[in-house]
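Written out below as structure tokens is the structure these notes cover.
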Amino acid sequence: MPIGDVLPEICLVLAGVAALLFASFVPQRAQGWCAAMAVAGAIASLLLCLNQLGDAPKSSFSGAWALDAPAIWARVMIAGGTGLVALMAPHWMAGDRRHGEYYTLLLFSAAGAMLMAGAADLLELSVAVLLSSITGYALAAYHRAWSVSVEAGMKYFLIGAFANTVLMVGIALVFGMLGDTRYGQIAAALAEGAASPLLDLGAGLIVLGVLFKMGAVPAHAWMPDVAEGAPAPSAAFLTVIPKIGAAVALARLVTLFPADVLDLRPLIAVLAVLTMTLGNLAALWQQDLRRLLGWSSVSQSGYALVAVAVAGRSPEAIPALLMFLLGYAIANLAAFAVVTHLRGRTRIADYAGLWRDRPWEAAGLILALFSLVGVPPLAGFVGKLTVFLAALDGGYGWLAVLAVANTVISLFYYLRVIGQAYFGRSGRPISVLGWTSGTAVVVTALLTLLIGLAAGIALDFFATATGLLQT
């Protein structure tokens, strides 16, 4: 059982423990150093993941852990995104008496998302989902004095409790029908034609449990509330990081079940359409930017599901999924970095005149929103284009058409925000937080642009990630 296979996760856990111990013995004014520990731990984890890319795909820990290119790239995104969120947090959390503990929860939740991406055993998947969820509830409700934060955390908890129960019931049914929870053994049993209505039901319930972590229909209702009510750095984290691990985990599940035994792809395709459409329609008339970004995150989950729906049918599906997740993650983090840096202002009207008062922050926000729409040459454009092409290649042309139509719809509500920021008139000065959140704005905005310009290089990196290891 090579410990080196899980060194990135161990690195995050150790950094989280170190931050917790440090926070226990220093005064509140010094707990900002825990953010530096979190950033350092995330960078170290990212580098350890990159070091694994040269290795051949393999499984370890008795077949429970898959170490392939999709899992490694997902872990790279999770580690990098967590580092950026930790960079947003110090000045936002400075007044909280439990400031240092925040980074421990952040790192533990990131470790759970990493475990989802590499899970090759249903029990490991359940542990990963639970670790990500339990820490996520605390991150969402971290400001206990804010009723809206507590309400967001409570809704996240209630929906999560139901979804996680459904996941465990599904795992129990699959185990009862096939006698094993390891993907390799499940694949072998399915290859022999093992099929039953209870197995179908179990697989569907597992999919539902994973969809909760993506914020997709029908387990999506927590996303806009968390985006609006959680501390802004927590909202940035929870709308991005779990989605990355869950999307790769769901793609691995879809390719696990043969089409002639149980084809999950039509179900995923229908849920993709419902998720995109509901998210975009709900975002159209939102007056709160953070809630708008929450519904936008729901719709973006739908685009990710488009790539998942053709996993195994098109060799472009997994590279397209990874490219989309990268573009979405950077753009959404950039948008929330601006919200955080501007002290969490929420109403869209509050962003009127931002271009004149805070041109750099306005530029970061506009780049982020245009990338979420899919405007070239930004990272989001490349991500969506590759998803559409993968859907066409996988024989789901109708799904690609509906995805393009939803992209056109989304342009309306993103332009509402951009119009206010560029053409509106500010009635009062706009104040900002400290340099760390400002740095996060600059880094994420630059990455949104640079990844789009260097899309060919990024796609070359992802090109080898065409298959998902099951054994």
Checklist outcome for this item: For the chain, longest principal axis from Cα atoms; helix 379-393 axis from its Cα atoms; angle between them, nearest 10 degrees, is 20
Checklist entry - Toward the positive end of the charge dipole of the chain, about the Cα centre and with charges on Cβ (Lys, Arg +1; Asp, Glu -1), which of ALA349, TYR103, PRO57 goes farthest? => result ALA349
Item to check | Solvent exposure, largest accessible area first (probe 1.4 Å, DNA, RNA and ligands not counted), of THR407, THR464, THR82 | outcome: THR464, THR407, THR82
Item to check | Amide H contacts under 5 Å for ARG347, placed H, 5+ residues apart | outcome: LEU289
Item to check | Among ALA282, VAL338, VAL174 - extreme Cα towards positive end, dipole of the chain, charges at beta-carbon | outcome: VAL338
Checklist entry - Expressed in nm to one decimal, what extension gain is obtained for the pair ARG347 and LEU459 from 0.36 nm per residue of sequence separation less their Cα-Cα distance? => result 36.6 nm
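Local charge sum around ALA391 (other residues, Cβ-Cβ under 13 Å, Lys/Arg +1, Asp/Glu -1)? Spell out each step's value before the answer.
On the way: positive: ARG265, ARG313, LYS384; negative: GLU316, ASP393.
Summing Lys and Arg as +1 and Asp and Glu as -1 gives +1.
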Item to check | Given charges at beta-carbon only (K, R positive; D, E negative), |dipole| of the chain in Debye | outcome: 1500
Checklist entry - By how many degrees, between 0 and 90 and to the nearest 10, does the Cα long axis of helix 241-256 differ from the longest principal axis of the chain? => result 20
Checklist entry - If LEU14, LEU256, LEU50, LEU326 are ordered by their accessible area, calculated over protein heavy atoms with a 1.4 Å probe, which sequence runs from highest to lowest? => result LEU14, LEU50, LEU326, LEU256
Checklist entry - Given 5 Å bins starting at zero, what is the percent of C-alpha pairs of region 118-176 in each, up to the one with the largest pair distance? => result 4, 19, 23, 19, 14, 10, 7, 4, 1, 0
Next on the checklist: Angle check, please: helix 265-283 long axis (alpha carbons) against the longest principal axis of the chain (alpha carbons), in degrees 0 to 90, nearest 10.
Outcome noted: 10
Item to check | Neighbourhood net charge (13 Å Cβ-Cβ; Lys/Arg +1, Asp/Glu -1) for ILE72 | outcome: -2
Next on the checklist: Cut-off under 17 Å on the C-alpha distance; same-chain residues fewer than 8 positions from LYS243 excluded. Which lysines are left, in chain and number order?
Outcome noted: LYS213, LYS384
Item to check | Normalised contact order of region 3-462, rounded percent, pairs of Cα under 8 Å and 6 or more residues apart | outcome: 15
Checklist outcome for this item: Bounding extents of the chain in its principal axis frame from Cα atoms, largest first in Å, are 69, 53, 40
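Scale the Cα Rg of region 67-115 by the rule-of-thumb value 2.2 N^0.38 Å and send over the ratio, two decimals.
Region 67-115 yields a ratio of 1.32.
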Next on the checklist: Please compute the modelled spin-label separation between PHE412 and SER62, points set 7 Å along Cα→Cβ, answer in nm with one decimal.
Outcome noted: 5.5
Item to check | Pair VAL127, ASP357: separation of 7 Å Cα→Cβ label points (nm) | outcome: 5.0
Checklist entry - Stretch ALA221-SER431 to full length: gain in nm at 0.36 nm per residue minus the Cα-Cα span? => result 72.4 nm
Checklist outcome for this item: Summing +1 per Lys or Arg and -1 per Asp or Glu among the other residues with Cβ less than 15 Å from ASP180's Cβ gives -2
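The values are calculated or read from the model by the stated rules, or taken from the named source; none is laboratory data. Note that the coordinates shown come from a computational prediction; the quantities given were computed from them, not determined experimentally. A quick note on method: Cβ atoms are made from the backbone with ideal geometry, for glycine too, and the neighbour counts reach across all protein chains shown. Note: areas computed on protein heavy atoms with side chains; ligands, DNA, RNA excluded. Shrake-Rupley method; radii C 1.70, N 1.55, O 1.52, S 1.80 Å.
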